[in-house]
1. Just to check your reading of the model, which residue among ALA78, ALA61, ALA74 is of a type in the set (A, V, I, L, M), in a helix (DSSP H, G or I) and either surrounded by fewer than 15 Cβ atoms within 10 Å (Cβ to Cβ) or out of contact with any helix residue (DSSP H, G or I) (no Cβ under 7 Å at 6 or more places or on another chain) (or both)?
2. Before we move on, is LEU79 out of contact with any Lys or Arg (no Cβ under 9 Å at 6 or more places or on another chain) and touching a residue at least 24 places away in the same chain (Cβ under 8 Å)?
3. Sort out which residues of segment 43-87 are within 14 Å of PHE33 (Cα to Cα) and β-branched (Val, Ile, Thr), and write them in order of number.
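Bear in mind that the values in this text are calculations on the coordinates, not laboratory data. Small disclaimer: the values here were computed from a predicted structure and weren't measured. Methodologically, a virtual Cβ is constructed for each residue, glycine included, from the backbone with ideal geometry; neighbour enumeration extends over all protein chains shown.
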Amino acid sequence: MLHTDLYAENIVFNSDHEPVFIDPHPKIGTPAFDWAVWCVYYRDNDGFTNRFDLCRSQAPALADEALAWSLTLAVDGALYYSDKEDPRVATTLSILESPELANLCR
């Protein structure tokens with residue numbers, strides 16, 4: 001079971017400083033997809049590389065698949081944001097230009 005909506009506003013911390021995942025959009029699928037959603041959409045900043053490095057260190061067996069899903073999600077997001085003239089397109093395009101995804105496209 002996947003959450004499929006892991007971004008900052010849907011992760012809160014309890015009194016023991018443990019993450020609690022709220023507002024899920026449950027789906028059946030590969031855990032690599034949740035890693036990719038988190039890597040691409042967790043925050044609108046330049047943290048993709050750091051988040052992907054964490055994925056690679058915590059779930060090495062899923063890293064290649066998560067990277068492929070990240071590329072798919074980033075392309076989809078860039079097309080959507082561009083169509084809607086949403087300023088988040090710049091962040092999404094910068095994710096596509098990250099070394100991890102740029103190397104995947106070569």
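1. ALA61
2. no
3. Listed by number, the list holds a single entry, THR72.
To keep it simple, each residue is scored yes or no on (1) free of Cβ contacts under 8 Å to residues at least 40 places away in the same chain; (2) more than 19 Å from ILE95 (Cα to Cα); (3) touching a Leu at 6+ places or on another chain (Cβ under 9 Å).
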residue: PHE13; (1), (2), (3): yes, yes, no
residue: GLU18; (1), (2), (3): yes, yes, no
residue: ALA32; (1), (2), (3): yes, no, yes
residue: ARG51; (1), (2), (3): yes, no, no
residue: GLN58; (1), (2), (3): yes, yes, no
